[in-house]
Amino acid sequence: MHFKLIIAFLTEDKTDKVLQAAREAGATGATVINHARGEGIEPSKTFFGFNLETQRDVLLLLVEEHLSRTILETITEVGEFEQNIGAGIAFQIDVEDAVGVSHQMRKLTTVVEKKI
């Protein structure tokens, strides 16, 4: 079984909603990193030296490769990444190897067999 790592950067107010949707799309868990900062094309604004940017959360989801595209599209839709500038971004990368995921593999085997 092969995995992909989906990484999503999103506004704090969308984290729980996106995480729930990702689970419904097939994700078996996630790591959430709170209060990350980022910049887009335009540099962040300041007011007397204080940054005015909103805090971001980072979601890390290790998902089975056959489910990854559906989960990524779900995250994009629920997070409204394409509709709202600055709402967030998400991408996936290949995972060469993973350990500590045997419990996920047992659960996902039947799900993936049905999909392919």
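Every number here is computed from the coordinates shown, using simple stated rules; none is lab data. This structure is a prediction, so every number in the text was calculated from the model and none was measured.
Working note: Karplus 6.51/-1.76/1.60 with θ = phi - 60° gives segment 95-103 the couplings 10, 5, 7, 8, 10, x, 10, 4, 5 Hz, where Gly and Pro are set to x. Along segment 30-37 the Karplus relation, 6.51 cos²θ - 1.76 cosθ + 1.60 evaluated at θ = phi - 60°, assigns HN-Hα couplings of 7, 10, 10, 10, 8, 6, 7, 10 Hz to successive residues, with x for each Gly and Pro. Along segment 70-77 the Karplus relation, 6.51 cos²θ - 1.76 cosθ + 1.60 evaluated at θ = phi - 60°, assigns HN-Hα couplings of 4, 5, 4, 5, 5, 4, 4, 5 Hz to successive residues, with x for each Gly and Pro. Once backbone amide H atoms are built at 1.01 Å from N, residue 3 has 65, 95 as its partners under 5 Å, excluding neighbours fewer than 5 places away on the same chain.
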